[in-house]
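The values are calculated or read from the model by the stated rules, or taken from the named source; none is laboratory data. All figures in this text were calculated on a predicted structure; none of them were measured in a lab. We place every Cβ from the backbone using ideal geometry, glycine too, and count neighbours over all the protein chains shown.
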Amino acid sequence: MFDRSVRVVFDQAASAYDIARPGYPPELIDKLIELTQLPANARILEIGCGTGQITLPLAERGYEIVAIELGENLARIAASNLSTFPQIQVVHSSFEEWIADEPSFNLVLSAQAFHWIDPEIGYPKIRRSLKSGGHLAVVYNLFPGCVWPVYRDLDRVYQRAFPSREGNDAASLRASVERPVRSISDCGLFHEPVIWDHAWLETYTTDRYMKLLDTFSDHRTMNEASQKRLYEDVRTIIDKHGGSIDRPLLAMLFLAQVT
């Protein structure tokens, strides 16, 4: 059963989201443009722009973008972050309720948000929005786990806080996003997706890392006492390891052309 209720929790941490959520490496932006052969005057429809993590580097390339964001606070911050780019329009709406008038986009893009879209509405609507030869791009930043000492310490407190938590290894995380993305080809409206990935690092101070935790849906929905204990333990561990932490990430691009 498709549950849309959790989508709203991110808007409650919009400021933390803007500060702590990572952007995307330039290698991913370059690969996206290369594989889609986006023309200089391309129009992009972005679903779930957050506060502009992937919108900004594409805006800097000069593309015209309609960026849809469900969260009112997230959309307001995104509009402010992108205010110097007149070709960017931030729309406060769910994608399901947004009105697509004609197939006018070269690319439909969703970064870190594709799994929140109702597929029964999403796939046909995405297809109707795309020009002939257009592409659907789905992007994720995944944390593939790490064996560094700071993460071994963090794993111990997470095993207590989330005893039934699934593995965080690269293979299981990759599979968790590949399963829904594979349904792109099953819907019959797109060719089989091309998959590309790139490993990179994001460095966090203790304070910024704590803000990052506040943007995770499973952390925000914890009971207050459990969350307080977890956050105190995490802060203590990172401070013990020097007050900063490198977070390895796997940027993944799934790209499918319309049939």
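Details
- Residue that is farthest from GLY71 (Cα to Cα), among those in region 117-162 that are of a type in the set (D, E, K, R) and touching a strand residue (DSSP E or B) at 6+ places or on another chain (Cβ under 7 Å): LYS131
- Take the conditions (1) more than 27 Å from ILE245 (Cβ to Cβ); (2) more than 15 Å from the chain's Cα centre (by Cα); (3) in contact (Cβ under 8 Å) with a residue 12 or more places away in the chain; (4) surrounded by fewer than 18 Cβ atoms within 10 Å (Cβ to Cβ); VAL8 misses just one of them, which is (2).
- LEU58 crowded, with 17+ Cβ neighbours inside 10 Å, within 21 Å of ALA137 (Cα to Cα), in contact (Cβ under 8 Å) with a residue 60 or more places away in the chain and among the hydrophobic types (A, V, I, L, M, F, W, C): no
- Among the candidates ALA75, ALA111, ALA59, ALA67, residue that is within 27 Å of SER244 (Cα to Cα) and either of a type in the set (A, V, I, L, M, F, W, C) or in contact with a Ser or Thr (Cβ under 6 Å, 6 or more places away or on another chain) (or both): ALA111
- Beta carbons closer than 8 Å, at least 6 apart along the sequence or on distinct chains, pair a first residue in region 19-34 that is in contact (Cβ under 8 Å) with a residue 60 or more places away in the chain with a second that is assigned to a helix (DSSP H, G or I) for ILE19/ARG208; ILE19/LYS211; ALA20/ARG208; ALA20/TYR209; ALA20/LYS211; ALA20/LEU212; ARG21/LEU212; TYR24/PRO57.
- Residue ranges of helices (runs of 4 or more DSSP H) in region 149-251 with at least 3 members surrounded by 16 or more Cβ atoms within 10 Å (Cβ to Cβ) and at pLDDT below 90: 170-186
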